[in-house]
Structure formats: C-alpha cells, structure tokens
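Beneath this line is the structure, given in structure tokens, with notes to follow.
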Amino acid sequence: MLIVRYGEIGLKGKNRRFFEETLAKNIERKLKRYGFASSTKILRGRIFVFASDEAAGIVAKCPGVVSVSPAREMKYEEVKEYLLRELENFNPSSFRVSAHRVDKKFSMTSQEINEDIGAFIVENFGWRVNLDSPDLVVGIEIINGRAYVFFESYRGVGGLPVGTAGKLLLLLSPGMDSPVAGYMMLRRGAKIVALHFSQGPVGEEKVKRYVRKLSEYAPKDIEINIVPHEKILGKYAEKLKKIKREEWTCVLCKYLMLKEASEFAERIGALGIVTGDSLGQVASQTLHNMMLESRASKLPIYRPLIGMDKVEIESIAKEIGTYDIFLSAKEEECPFRPRHVITVSSEARFENVLKRIGL
C-alpha cells in the first residue's frame, strides 16, 4: 500500500473533503491509465492507496500530492519483528528513525517512538545514528492506533488536485515556456486543454510530445487541438506589407491567436487562456504590446511565467521533463517574421492598423 500526504488541501476548511475526494479520484484514474488496479481511503489527513509499490512514482506526479511512501501496516508491537527481517536487506553507514504520531491518542509520543525503535536498531544491527544526513531513514507513522512503516518517500509536485479550479485553454507552442506555464496551472488545480497554431510538422510533433509529458501530471490525457498558423495570420500579414506596416506583424499575430483562442475557449467552456508570456522576453511580450494583444480576448489571460527569467523557466522545464523535448529539434521558422518589430506603441496607432487591414 501507499501513504499519500498532502499539504495545502489541509487548509481548505469546509471544502477540504471535496479536495481530498478529488485527489483520491484523480489518483485512481491515473493509475488505471497506467495499468494499475487500485482503491483509495481517506483517513486523518492521509490518503491510503491500495496498489503495488511500483505505482508510487506515478502517484507522486499527481498535483496535490506532497509525498508518497510505500508502507506496511501492522500493530506497533509487531514493528520490531518486522524490522529484524526487513533491515537485513540494507547496509547503511548511518540511519535515523523518523516517527510521526498522526494519532495523538497513541500512548507513546513521536520522540519516544524514535528512541525506542532507534535503540532497538542499534542493539541489533550496530548502525550509527545520524539525525542530519543519514543513509537510511526508517519512517513510522501512527494512524488510528496502527503503525505504518516505510523506508523511502517520493517527493510529490504539491499544489492542488486537477479539476478543482475549472478548465483553461493553454496556448501551446514548440518553445520552452508554454509547457511550463501549462504545468504550473495544472499544479493549481486547473484542467488544461491545449491549442497549437502549427507552422509545420516538426513543431507539431514537439507539441504532441509536450502534451504527452504534461499528461503525466493529469488524471486523464490532455486534449490537443491544432490550427494552421497561416490560416490565422496569412492574409493579414500580406495586408500589412501592402500598407508598409510589417513591423506590426508579431503583435498582430499574437492578437489574432488570442482572438481565435478566446472564441475556442468559449466554445469548450474554458474560464480563461494560459500563455507562456514572460515580461520583456520577446517583442510581443513587452507591457505595451501585451496590453494591446489582450484586447483580443473576452476571457481572462493567465501568464504564470510573467515575472520569471529564462533561467528560472529552464529549471522547471528540466524538472518536469519538457526541456529535452525543447532541445530535440529546431522547429520551423516563421515565414511572416519582419526585419523590425514594434516594442512600444499606443492604442490609437494599433487601432489605426487594425482598421486599415479590415479588423
């Protein structure tokens, strides 16, 4: 069995049960996708997952999970006999016991359990105690008078369960930023649907791989929708050339993508749009241009990376497994990219450009 711990969910007051049940259901759905039979039980700030130990790494990637430990349940009086058998499989230079008394009615305190089990291990195995950086941690949790013993824990992604915050549409490009933005909103409980404006097969394949990777953090496979980029921008890029305003191409491109995304999001019942915008990173992401572009959407636009730099975004991409996908291939160059681009402009000038190209 697996012991699942969560953090932020415990602060949800009267809504806590809803979050707990959603997380438990997400875990069951996800394990079913990966071929694991499972059931769950919510008890005293923990979720017990009755599945094989091999499922721990998969469960750890469920947003809402802080940590997961493959554990064995027993009476406290059985712990020492169990350890005599199991610890024969280890040969650490040092160890510590980490007990947590979830059940405060249990007769021994957490410190007393640490001392009792620690002395037993030293007596029988002769291992050195190291409280700061041991080679082996013997974990024991006391829940409803029962002891749960474990030797390893998997760090979870934290956050809130997917589905507790509603649905969002993710604008997903072949670049590094947007999949990180999608991951961050998954961690905040949003269900994600992806929309990609394709410039060619190489970029399409990358975003499909991104979606498969992001789906590892979702209870169900993430849906992806693909629209040809040329269909959105093509005729208007030509009109910009005719009126000699090519420098507006990038701003107009983002404006048109957000307009299309807003209409699509409304059709699927999404509550907003997610982008990988990072302030000042490219021309279309200056404050002036984002203000102009945002006018295209009737729905809120969420930019979870807005205050991050490239190093911070790259760090998250490496952690979640999308960075290698980003490096795997150089996607197609945009055929509409102008030599010079607008970085700072006014609403009046943009309105004039839109009017002249028939928008």
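Please find, within segment 267-302, the residue that is nearest to VAL341 (Cα to Cα) out of those that are hydroxyl-bearing (Ser, Thr, Tyr) and part of a loop (DSSP other than H, G, I, E, B). Here the residue is THR286.
Residues are listed down the side, and each one gets a yes or a no for (1) hydroxyl-bearing (Ser, Thr, Tyr); (2) in contact with a helix residue (DSSP H, G or I) (Cβ under 6 Å, 6 or more places away or on another chain); (3) in the same structural domain as ILE320 (by TED's automatic domain parsing); (4) closer than 30 Å to GLU216 by Cα:
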residue: GLY35; (1), (2), (3), (4): no, no, no, yes
residue: THR40; (1), (2), (3), (4): yes, yes, no, yes
residue: PRO70; (1), (2), (3), (4): no, yes, no, yes
residue: LYS104; (1), (2), (3), (4): no, no, no, no
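This table checks each residue for (1) within 21 Å of LEU256 (Cα to Cα); (2) basic (Lys, Arg); (3) in contact with a helix residue (DSSP H, G or I) (Cβ under 8 Å, 6 or more places away or on another chain).
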site: SER297; (1), (2), (3): yes, no, yes
site: TYR323; (1), (2), (3): no, no, yes
site: THR343; (1), (2), (3): yes, no, yes
site: ARG356; (1), (2), (3): yes, yes, yes
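The numbered conditions (1) surrounded by 14 or more Cβ atoms within 10 Å (Cβ to Cβ); (2) on the phi > 0 side of the Ramachandran plot are all true for GLY269 except (1).
Residues that are without any contact (Cβ under 8 Å) to a residue 60 or more places away in the chain number at least 3 in the following helices (runs of 4 or more DSSP H) confined to segment 303-359: 310-320, 347-356. When segment 130-157 is filtered for residues that are of a type in the set (A, V, I, L, M, F, W, C) and either surrounded by fewer than 18 Cβ atoms within 10 Å (Cβ to Cβ) or part of a loop (DSSP other than H, G, I, E, B) (or both), the ones remaining, listed by number, are LEU131, VAL137, PHE151, VAL157. Of the strands (runs of 3 or more DSSP E) lying entirely inside segment 67-116, the ones with 1 or more residues being surrounded by 14 or more Cβ atoms within 10 Å (Cβ to Cβ), within 35 Å of the chain's Cα centre (by Cα) and aromatic (Phe, Trp, Tyr) are found at 94-101. Residues satisfying the criterion are present in segment 121-129 (criterion: surrounded by 17 or more Cβ atoms within 10 Å (Cβ to Cβ) and at pLDDT 95 or above). Only one of the listed residues (PHE264, PHE197) is closer than 25 Å to MET184 by Cβ and not in a helix (DSSP H, G or I). That residue is PHE197. Tallying residues that are in a helix (DSSP H, G or I) and in contact with a strand residue (DSSP E or B) (Cβ under 9 Å, 6 or more places away or on another chain) within segment 23-38 yields 6.
The values are calculated or read from the model by the stated rules, or taken from the named source; none is laboratory data. This one's a predicted model, so the numbers in the text were calculated from it and none came from an experiment. Heads up, the Cβs are rebuilt from the backbone with ideal geometry, glycines too, and the neighbour counts pull from every protein chain shown.
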